[in-house]
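The next block holds one structure in the form of structure tokens; read it before the comments.
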Amino acid sequence: MKPIDQELTSWLLDHARGLWGAEIEESLFQVRPTNKPEFGDYQCNAAMGLAKRLKTAPRVVAERLIADRELHPALEKIELAGPGFINLFLKRAWLLERVVALLESPSVGLHPVEDPKTVVLDFSSPNVAKPMHIGHLRSTNLGESLRRILTTLGHKVYGDNHLGDWGTQFGLLILGYRNFLDRMAFEEDPVAELERVYVRSYEASRADDAYLDQARSELVRLQQGDPDNLRLWEEFVAVSMREFDRIYRRLDIHFDMVRGESAYRGMLADVVGLLKEKGIARESEGATVVFFDDENLAPLIVQKKDGGFNYATTDLATIRYRVEELKADQIVYVTDERQQLHFRQIFAVARMLGFDVPLEHVWFGLMRLPEGTFSTRQGNVIKLEKLLDEAEARALVMAKASSDGEIGEDELCEIARVVGLGSVKYADLSQNRQTLVTFEWDRMLSLEGNTAPYLQYTYARIRSIWRKHQTGEGGADADWRKEAEQASVFEEKAELDLAKALLQFSEVVERAGRLFRPNVIADYLFELCQFYNALYQNVMILKASPEARARRLLLCEAVSRTIKEGLRLMGIETVERM
Ligand code: ARG
């Protein structure tokens with residue numbers, strides 16, 4: 001099902017092209033929802049832009065656009081307003097048909113994009129032998145949500161965990177491991193112990209030049225494939241991956257590939273060779289450096305004096321692999337704001353190399369954790385897990401308090417898990433990703449306001465209405481198909497608002513995917529739930545006349561499915577009661 005705004009857009013646009021020529025751009029014809037009912041349901045202001053081109057008054061243009069033509073089947077009427085706005089009013093019976101069609105579609109009317117792309121989505125990407133920090137948590141949630149959204153929109157997505165598993169830290173780590181490892185601590189908590197060892201080794205290297213030289217030569221031996229060092233490196237990767245996987249499982253995160261930096265190590269010399277050959281990089285003080293014409297871009301070192309390669313060199317090799325082997329049409333990177341310069345630099349070099357795929361840095365602001373409990377600096381794996389534990393524990397207290405003894409212990413724990421994890425993810429995803437996010441337990445777990453529990457609770461309440469209906473007079477097999485046969489046209493304002501909002505879901509998801517902003521879906525779901533709650537408070541549902549009940553039940557069913565699907569796109573689950 002094509003979103004209604006797109007359908008009306010093409011309807012007007014085709015006509016305009018018939019009148020004034022095929023070169024009229026689509027961008028003039030954006031049909032948008034209005035914010036005041038007297039302007040209709042949708043509005044188009046194409047006449048303003050067109051009038052300039054045609055050198056007539058906008059009103060004349062608008063009149064020609066709508067004169068003497070049959071109305072689109074979705075429309076009740078079309079009106080001119082002001083200097084040349086076109087106001088479109090939807091037909092009520094058509095609205096009901098569309099809501100029924102939403103229920104027939106497996107994904108509540110979501111519409112695949114017309115030009116599916118192969119998108120590489122680089123997200124999470126923590127560093128080996130270091131605990132995953134809070135920035136990685138955001139990259140993980142945001143990336144997973146984008147993976148779900150883009151896949152649902154019909155793109156071919158490679159969610160890729162670009163692990164930091166090949167860097168200069170390994171020399172110090174290997175040497176530190178040999179000198180300072182506490183076996184017991186390593187068995188207990190390997191990543192924390194590796195981090196401790198690394199810090200210790202780093203301090204030793206600062207104090208003692210001979211130690212530093214030794215660390216360098218361990219790194220070189222690793223890079224040259226020394227079997228002992230490779231074995232240690234493999235162990236570091238394996239223990240880290242085990243920790244990361246635990247978090248991924250808990251948060252329901254999925255990758256299509258885990259290709260860390262090490263996967264590209266054989267391509268680095270070639271990339272630097274190519275950069276030199278094409279005159280993009282040159283020798284400078286012993287290093288190989290790219291200088292940019294743009295003075296806002298600092299020079300980029302692609303090979304150091306000692307012959308070592310950098311994070312940036314790896315990213316260039318990775319772009320090459322993604323374009324040449326994966327045939328990417330677009331590459332999207334999800335990291336925190338501190339890497340903006342890095343990506344501007346490597347994107348610029350990629351252009352110089354002739355890679356013209358769109359490269360997108362989807363960056364986000366830092367997150368502030370609850371005061372006193374966590375600080376960003378120490379937001380390590382254990383703390384991230386503690387954060388999730390605390391969310392679940394708080395959600396359990398809440399679930400117990402609001403259940404009237406009807407729900408058993410196991411189910412309460414499951415509710416707490418879904419609501420607790422949901423509230424953490426939602427607190428993150430529902431905000432504009434570029435603003436600073438502060439965790440506030442009471443707010444994010446509240447049943448009121450723009451929170452996961454509010455949406456999940458609305459969902460559960462609708463499900464309970466259906467259950468009542470099925471066991472009550474609707475009979476055990478009451479379903480929406482039977483209701484649809486009985487329903488008449490939407491009448492109440494609350495019904496109309498809700499029906500129109502439901503039809504916007506596919507546009508919303510498309511926009512969230514295009515802008516890489518899951519918060520667009522969150523805002524929408526919040527509004528949808530408010531419309532639903534207005535319906536719930538203002539009219540009877542089960543006790544209404546059979547016709548009114550039937551159409552309201554249809555709305556209930558469509559709303560609950562939309563909430564469930566919208567939350568799924570953010571990686572958040574629902575429960576049938578809470
Ligand atoms: N490992 C990096 C970090 O922790 C993030 C990698 C992001 N992706 C990339 N292709 N550079 O900061």
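Where a number appears in this text, it was derived from the coordinates with a stated rule and is not lab data. Just so it is clear, the model here is predicted, and its values are computed rather than measured. As a convention, Cβ positions derive from the backbone with ideal geometry for all residues, glycine included, and neighbour counts pool all protein chains shown.
Below is a table of values for the structure above.
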{"read-out": "Relative contact order, percent, region 60-109 [alpha-carbon distance under 8 Å, six or more residues apart]", "value": "27 percent"}
{"read-out": "³J(HN,Hα), Karplus 6.51/-1.76/1.60, whole Hz, each residue of region 561-578, x for Gly, Pro", "value": "5, 5, 4, 4, 5, x, 5, 4, 5, 9, x, 10, 8, 10, 10, 6, 8, 7"}
{"read-out": "Given charges at Cβ of Lys, Arg, Asp, Glu: region 329-486 dipole, positive-most of ALA399, ALA416, MET352", "value": "MET352"}
{"read-out": "Gyration tensor verdict on region 440-572 (Cα atoms; rounded if a/c is under 1.5, prolate if a/b is larger than b/c, oblate otherwise)", "value": "prolate"}
{"read-out": "Fraction of beta bridges assigned by DSSP in the chain that are antiparallel (%, nearest 5)", "value": "50 percent"}
{"read-out": "Helix axis angle, 409-429 relative to the chain longest principal axis, alpha carbon, degrees", "value": "80 degrees"}
{"read-out": "Rounded Å value of the spacing that divides the Cα centres of region 496-545 and region 47-99", "value": "25 Å"}
{"read-out": "Student exercise, the chain dipole from Lys, Arg, Asp, Glu Cβ charges, in Debye to nearest 20", "value": "1000 debye"}
{"read-out": "J(HN,Hα) series, region 270-279, from Karplus relation 6.51 cos²θ - 1.76 cosθ + 1.60, nearest Hz, glycine and proline x", "value": "4, 4, 5, x, 4, 4, 6, 4, 7, x"}
{"read-out": "Gyration tensor (alpha-carbon) shape descriptor, region 380-471, a/c threshold 1.5", "value": "oblate"}
{"read-out": "Order of TYR202, TYR333, TYR264 under a 10 Å beta carbon neighbour criterion, fewest first", "value": "TYR202, TYR264, TYR333"}
{"read-out": "Shape metrics for region 1-103, restricted to C-alpha atoms - Rg then Dmax, Å", "value": "13.7, 46"}
{"read-out": "Over 27 Å between alpha carbons, listed pairs LYS156/LYS386; LYS91/LYS156; LYS36/LYS156; LYS77/LYS500", "value": "LYS156/LYS386; LYS91/LYS156; LYS36/LYS156"}
{"read-out": "Neighbour-count ranking [beta-carbon atoms within 10 angstrom, fewest first] of HIS15, HIS361", "value": "HIS15, HIS361"}
{"read-out": "Stokes-Einstein diffusion coefficient of region 196-261, Kirkwood radius over Cα pairs, 20 °C, 1.002 mPa s, in µm²/s", "value": "150 µm²/s"}
{"read-out": "Relative contact order %, the chain, counting alpha carbon pairs below 8 Å whose residues are six or more apart", "value": "15 percent"}
{"read-out": "Three-way shape label, the chain, alpha-carbon gyration tensor, a/c 1.5", "value": "oblate"}
{"read-out": "Binned Cα-Cα distances of region 32-90, short to long, each 5 Å bin given as a whole percent", "value": "4, 21, 29, 24, 15, 6, 1"}
{"read-out": "Helix 4-20 vs. the chain, principal-axis angle (Cα, 0 to 90°, nearest 10)", "value": "80 degrees"}
{"read-out": "In degrees, nearest ten, helix 493-503 long axis to first principal axis of the chain (Cα)", "value": "40 degrees"}
